[in-house]
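To start, the structure itself, in structure tokens.
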Amino acid sequence: MQISVVVPLLNEQESLPELTAWIHRVLNAHQFSYEVILIDDGSRDGSWEMITELVQQNNTVKGIKFRRNYGKSAALSEGFRVAQGDVVITMDADLQDSPDEVPGLYRMVTVDGFDLVSGWKKKRHDPASKRWPSKLFNRVTGYMSGIAIHDFNCGLKAYKKEVVKNIEVYGEMHRYIPLLAKWAGFTRIGEKEVVHYPRKYGVTKFGWERFINGFLDLLSIIFVARFGKRPMHLFGTLGLISFFAGFLILLYLSIGKIFFDVTKMTERPIFYLGLVTMVIGVQLFLSGFLAELISRNAHDRNAYQVDKQLNF
Ligand code: UDP
Ligand code: MG
């Protein structure tokens, strides 16, 4: 099988018939062998009934229904687990992403040799309240990760099968799949300008919390990637800096007190700064030790991505 189209969806009943018909039209025109995996992430509208109907109409369509809403990352993760195509294409269900892009994306993976190709909604049809924060988010993510793409969170992406079988998308990490791929060792990451449409039916499933959650996730993902296996190097360094800053301040105050008899040490504001930074330093150290204990007992502490082996 050449292509798996993975579509996570939550309450997208109205869009599904149009979306699947469009996918069939494009992929059949190019004579691809393919499957369309629709993952119902706990919809409360008629999405699942619609999927049942679509599966009956066309046996390339497969459906998975979550018992409750777990989030887009969970839906993608489940789709990745079952996908059989050599190239896996993800797209949103709301008709904002165009199935017309699939053949081009497929070519970039199979012919140009990219591990992952991310869509870039250059001309984006979303409200400005979403476009501007998203620009900032993409800049920061690009800078922190060293991945030169413009649009990390585009729903439309193409992957080599190997990539989706070897990364773990959890929490709300769907915004950072290119980073997960890069850190798993899949470094040929490309980008393709794609057309983007306004949402045709229904409403967006992500509110303003997306920005706060997205930012917090970025911090954790960078922390885990850099220091996940050696947390003490981060906490310990910060702890040392803080502790010694406090120590020097208190040393300075003590010398003043002992040798120059500067009285009322506790009435000098800098005394409290010294005290607080020393205490914080110790706490950072303790956090570092705890983090080390946890990471040393993690089940995946020795899980590495093995690419090839010879003579085993
Ligand atoms: N989605 C999902 N589970 C969720 C939230 C969203 O499967 O908990 C799906 C949604 O149905 C859509 C895709 O993820 O197919 C992108 O969501 P949406 O279009 O609401 O995001 P936006 O385009 O506003 O960023
Ligand atoms: Mg959308």
Response to the item:
In a Gaussian network model of the chain with springs linking alpha carbons closer than 10 Å, the residue among 183, 48, 132 that fluctuates most is 132
Worksheet item: How much of residue 209 can a 1.4 Å solvent probe reach, expressed as accessible area in Å² and rounded to 10?
Response: 80 Å²
Worksheet entry | Length-normalised contact order of the stretch 175-312 in % [C-alpha pairs under 8 Å, at least 6 apart] | 29 percent
Practice prompt. Of the listed pairs 122/229; 65/308; 123/308; 192/229; 135/182; 121/308, which have alpha-carbon separations greater than 32 Å here?
Written response: 122/229; 65/308; 123/308; 192/229; 121/308
Worksheet, complete the sentence: accessible surface per residue for the stretch 87-182, probe 1.4 Å, DNA/RNA/ligands not counted, whole Å² -> 41 Å²
Practice prompt. If a/c stays under 1.5 just call it rounded; otherwise compare a/b with b/c (prolate if a/b is bigger, oblate if not). Do that for the stretch 8-86, with a ≥ b ≥ c from the square roots of the Cα gyration tensor eigenvalues.
Written response: oblate
Worksheet item: How large is ³J(HN,Hα), in whole Hz, for each residue of the stretch 188-198 in order, when computed from phi with the Karplus curve 6.51 cos²θ - 1.76 cosθ + 1.60 and θ = phi - 60°, using x for Gly and Pro?
Response: 7, 10, x, 9, 9, 5, 10, 6, 9, 10, x
Worksheet item: Each residue of the stretch 256-261 in turn: what ³J(HN,Hα) in whole Hz from Karplus with 6.51, -1.76, 1.60 and θ = phi - 60°, glycine and Pro shown as x?
Response: x, 5, 6, 8, 10, 6
Discussion item. Could you identify which residue out of 135, 192, 72 has the top mean-square fluctuation in a GNM of the chain using Cα springs shorter than 10 Å?
Written reply: 135
Worksheet item: Calculated FRET efficiency, residue 49 and residue 82, Cβ-Cβ r, R0 22 Å, to nearest 0.05?
Response: 0.55
Worksheet item: Using +1 on the beta carbon of Lys and Arg, -1 on that of Asp and Glu, and nothing else charged, what's the dipole of the stretch 190-312 about the Cα centre, debye to 20?
Response: 260 debye
Discussion item. From the helices alone, meaning DSSP H stretches of at least four residues, give me the mean residue ellipticity at 222 nm for the chain, per-run term -39500 (n - 2.57), in deg cm²/dmol to the nearest 500.
Written reply: -16000 deg cm²/dmol
Worksheet entry | Solvent-accessible area of residue 278 with every protein chain in place, 1.4 Å probe, in Å² to the nearest 10 | 50 Å²
Item to complete: Indicate the gyration tensor shape class of the stretch 177-312 (rounded, prolate or oblate), computed on the Cα atoms with a ≥ b ≥ c the square roots of the eigenvalues: a/c under 1.5 is rounded; otherwise a/b larger than b/c is prolate and the rest oblate.
Response: oblate
Fill in: Fluctuation leader among 185, 104, 142 - the chain, Gaussian network, Cα springs under 10 angstrom
104
Discussion item. Please report the spacing between the Cα centers of the stretch 1-60 and the stretch 151-174 in Å, no decimals.
Written reply: 19 Å
Discussion item. Out of the total accessible area of the chain (probe 1.4 Å, heavy atoms of protein only), what percent is carbon and sulfur?
Written reply: 60 percent
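The values are calculated or read from the model by the stated rules, or taken from the named source; none is laboratory data. A quick note: this is a predicted structure, and the numbers were derived from the prediction, not measured. Cβ atoms come from the backbone with ideal geometry, glycine included; neighbour counts cover every protein chain shown. For the accessible areas, the whole protein counts, side chains as well, though only heavy atoms, and no ligand, DNA or RNA atoms are used. Shrake-Rupley method; radii C 1.70, N 1.55, O 1.52, S 1.80 Å.
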